[in-house]
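Chemist: Below is the structure I would like to discuss, written out as structure tokens.
The values are calculated or read from the model by the stated rules, or taken from the named source; none is laboratory data. Source: prediction; values computed, not measured. FYI the Cβ positions are ideal-geometry reconstructions off the backbone, even for glycines, and counts take in every protein chain you see. Note: accessible area is taken over every heavy atom of the protein model, side chains too, but ligands, DNA and RNA are not part of it. Shrake-Rupley method; radii C 1.70, N 1.55, O 1.52, S 1.80 Å.
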Amino acid sequence: MKNMLILLIALAGLPVFAARAELAIIVAPSTALDSINREQLQRLYLNRASRFPNGVRLIPVDQKTGSPAQAEFAEKVLGKSATELAKYWSRRMFSGKGHPPRQYRDDDEVMQQVAESEDLIGYVDAASVDDRVKVLLQIP
Amino acid sequence: MNKRFYQAVAAAVLLAHGGCLFAIENIEFNGFLTVGATRSNSSVDSQNGNIKDSINFDQDTRVGVQVSADINARMSVTAQLLGTNREDDNFDTTFDWGYIRYALSENVDIRGGKIKFPTFLVSDYIEVGYAYPWIRPPAEVYSSNPITAISGADVLYRARLGSTDLLVQPYFGTANDQDALVPQEVLPALGLAPGSVEYENFDAKDMAGINIALSNDFATLRAGYLQTRVSASAFGVKNEDVTFWSAGASMDWHNIIAYTEYFQRDIDGLANAFFPNQKGWYATLGYRIDRFLPHLTFAQLLDDNSNNDPGTGLEQDSVTLGVRYELGTGAALKAEVQRAEPKSGTRGLFMEPTDDVTIYSVAVDVIF
């Protein structure tokens, strides 16, 4: 019972801690790109561009809708709430103009996918980063 | 094709068993659904017979399913099925649109097939209620073009001008066997009783048009032009010229939402009896407060016929007060009250001339 209570308190506190987290924008170490700015990131994740000035083409990967990481990324980088983002994609998708990025369950899955492919770009909590990936930008 | 079908079945089975969503990498299913009820305070029905003085679900209720697949790095297919109750009491399911897209370059796509074309700001996704603030886009403007998709091809050319995205979209094709609501004024000549709701087939050939849009983070400006020639053999209408202009703007800036559009259509000869020359506009202003989006719309439909045109131009003003409420992500609840008033002795968008009519509507929109 006591453990249950601690778990509940921990779960209730989770979004608060997550909302303060620093996000890291990550690619595979071999990807031919060393930095990215917020505008490029925004255009990439809103499917308005896929290629960088140096010719590199990257496919963005997302975290699950409703996850703290996604809510934070949507607000800080895309400038939209989760519901505004859902509306944006409903307009793009159902007019045949493109699909939202593929979603993965959590930081672990994003780390694993990005580490294995030099075509992908993703975001995770900066605390989840290890040397399997390269950090292009940190967003406080 | 068969292989894709089996892949789709396999994907459905996997999904049903709670398997990984991406078991089949390149086929995606998405859907949208609206359940909407309407009721007016008048014994005079709307001209399509769907809004009356008893609760009715036919005007806004519909369901759609979209299937899309990447064939290879440059080619993809997308198609939508749509079921509605709008034209009669049976729920009709149609193949609304579907095309093959070929990416010629980073900035140029070519699409071929049956294409939903952008007469207005939300035409591309007009069936997806979740995507816009109203329960239905203002009828004074959106009912003016009964053709929503063409069999043909278009080109999507995109360019970046500073912080603005430019889209230039020329299209060309035909739209055969389109349904048009027969105007009440024409019914007696066809031996039909006033108050009937009749749809008749017409063909639009040599349809050519262009859509140009400028957009940035918070606003879109667009303009479009199309021309075609319509024929309806049942009425002896043959190759009459039609031109259609439209322009509009939308904005979503610091919780302020605004839409405004204008159109003008010009139709020659006998076809004018079925589609009189009209022009119209609307303006919507809304302000988002957390999960609520209250909004207000003024709309006007105007007669643009000259004295010797055979058709009867319709005139109507309306004011709509509405609210959209977000039910979490992917669902919205909407309620609207509209006061519509036919003008200049015409019946506006109703069955017959009437005093002002109040229409109450509620709807739930979801995407899945």
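Chemist: Using a 1.4 Å probe and counting only protein heavy atoms, how much accessible surface gets buried when B and A come together, both sides summed, in Å² to the nearest 100?
Modeler: Using a 1.4 Å probe on protein heavy atoms, the buried area is about 2400 Å².
Chemist: Given a cut-off of 31 Å, name the pairs among B:Lys238/B:Lys279; B:Lys238/B:Lys334; A:Lys97/B:Lys343; B:Lys52/B:Lys114; A:Lys80/B:Lys114 whose C-alpha atoms lie farther apart than that in the structure shown.
Modeler: The answer is B:Lys238/B:Lys334; A:Lys97/B:Lys343; B:Lys52/B:Lys114; A:Lys80/B:Lys114.
Chemist: If one takes the longest principal axis of the Cα atoms in chain A, at what angle in degrees, from 0 to 90 and to the nearest 10, does the Cα axis of helix A:82-93 lie?
Modeler: Approximately 30 degrees, to the nearest ten.
Chemist: Per residue in segment B:333-368, which ones lose no less than 30 Å² of accessible surface when going from chain alone to all protein chains (1.4 Å probe)?
Modeler: Those residues are B:Ile367.
Chemist: Give me the mean projected area, in nm² to one decimal, of the convex hull enclosing the Cα positions of chain B.
Modeler: So the Cα hull casts an average projection of 19.7 nm².
Chemist: Apply the Karplus curve 6.51 cos²θ - 1.76 cosθ + 1.60, θ = phi - 60°, to the phi angles in segment B:45-59 and return the couplings in whole Hz, x for Gly and Pro.
Modeler: For segment B:45-59, the Karplus curve yields 6, 5, 5, 8, x, 8, 10, 9, 8, 10, 5, 9, 9, 6, 5 Hz.
Chemist: Leaving ligands, DNA and RNA out of it, rank A:Asp125, A:Asp108, B:Asp58, B:Asp241 by accessible area with a 1.4 Å probe, largest first.
Modeler: A:Asp108, B:Asp241, A:Asp125, B:Asp58
Chemist: In addition: Spin-label point model (7 Å from Cα, Cβ direction): what's the A:Glu116 to B:Asn307 distance in nm?
Modeler: Result: 7.8 nm between the two label points.
Chemist: With the Cα gyration tensor of the protein assembly as shown in hand, convert its eigenvalues to equivalent ellipsoid semi-axes via √(5λ) and list them largest first in whole Å.
Modeler: 45, 26, 21
Chemist: On to the next question. At a 1.4 Å probe, what is the % contribution of carbon and sulfur to the accessible area of segment A:22-139?
Modeler: Using a 1.4 Å probe with all protein chains present, segment A:22-139 comes out at 45 percent carbon and sulfur.
Chemist: Pull out the extension gain between B:Asn26 and B:Asn239, defined as 0.36 nm times the separation in residues minus the alpha carbon to alpha carbon distance; nm, one decimal.
Modeler: Full extension from B:Asn26 to B:Asn239 adds 72.4 nm.
Chemist: Enter the mean projected area of the convex hull around the alpha-carbon atoms of segment B:240-318, in nm², rounded to one decimal.
Modeler: 6.0 nm²
Chemist: Can you give the % of DSSP beta bridges in segment A:22-139 that are antiparallel, to the nearest 5?
Modeler: Among the beta bridges of segment A:22-139, antiparallel pairing accounts for roughly 70 percent.
Chemist: Once you put a point 7 Å from the Cα of B:Tyr157 and another 7 Å from the Cα of B:Leu104, both along the Cβ direction, what distance in nm separates them?
Modeler: About 0.8 nm, to one decimal.
Chemist: Working from Cα positions, state the angle (0 to 90°, nearest 10) between the long axis of helix B:2-16 and the longest principal axis of chain B.
Modeler: With rounding to tens, the tilt is 90 degrees.
Chemist: Ok, one more. One-quarter of the Cα convex hull surface for segment A:22-139, in nm²?
Modeler: The directionally averaged projection comes out at 6.6 nm².
Chemist: Now a separate question. If I compute solvent accessible area with a 1.4 Å probe over the protein chains, what percent of it on segment B:204-281 is carbon and sulfur?
Modeler: Taking all protein chains in place, segment B:204-281 shows 60 percent carbon and sulfur surface.
Chemist: Comparing B:Ala249, B:Ala180, B:Ala193, which has the greatest mean-square fluctuation in the GNM of chain B with Cα pairs linked when under 10 Å apart?
Modeler: For chain B, modelled as a Gaussian network with Cα springs under 10 Å, the answer is B:Ala193.
Chemist: Ok, one more. Given 20 °C and 1.002 mPa s, compute D for segment B:174-264 with the Stokes-Einstein relation, Rh being the Kirkwood radius over Cα pairs; round to the nearest whole µm²/s.
Modeler: Using the Kirkwood radius from Cα pairs, D works out to 134 µm²/s.
Chemist: Can you give the mean number of other chain Cβ atoms that lie within 10 Å of the Cβ atoms in peptide B:58-71?
Modeler: 1
Chemist: Give me the one-decimal nm value for the distance between modelled label points at B:Leu221 and B:Val337, 7 Å along each residue's Cα-to-Cβ direction.
Modeler: For B:Leu221 paired with B:Val337, the spin-label model returns 3.7 nm.
Chemist: Then there's this: Sorted by accessible area with a 1.4 angstrom probe, largest first, how do B:Ile210, B:Ile257, B:Ile100 fall?
Modeler: Greatest to least solvent exposure: B:Ile100, B:Ile210, B:Ile257.
Chemist: Expressed as an acute angle from 0 to 90° and rounded to the nearest 10, what is the orientation of the C-alpha long axis of helix A:107-116 relative to the principal long axis of chain A?
Modeler: With rounding to tens, the tilt is 30 degrees.
Chemist: Still on this structure, please answer the following. Students often get this wrong: which residues of segment B:322-360 have the backbone nitrogen under 13 Å from the point 7 angstrom along Cα-to-C-beta of B:Arg291?
Modeler: Correct set: B:324-334.
Chemist: For an R0 of 30 angstrom, estimate the FRET efficiency from the Cβ-Cβ distance between B:Ala189 and B:Tyr360 and round to the nearest 0.05.
Modeler: So, using R0 = 30 Å, E works out to roughly 0.30.
Chemist: Mean-square fluctuation check for chain A, GNM, Cα pairs under 10 Å: which of A:Lys80, A:Lys64, A:Lys97 is largest?
Modeler: Per the Cα network of chain A with a 10 Å cutoff, A:Lys97 tops the list.
Chemist: Could you do me a favour and compute the accessible area per residue for segment B:2-367, 1.4 Å probe, result in Å²?
Modeler: In whole numbers, segment B:2-367 has 45 Å² accessible per residue.
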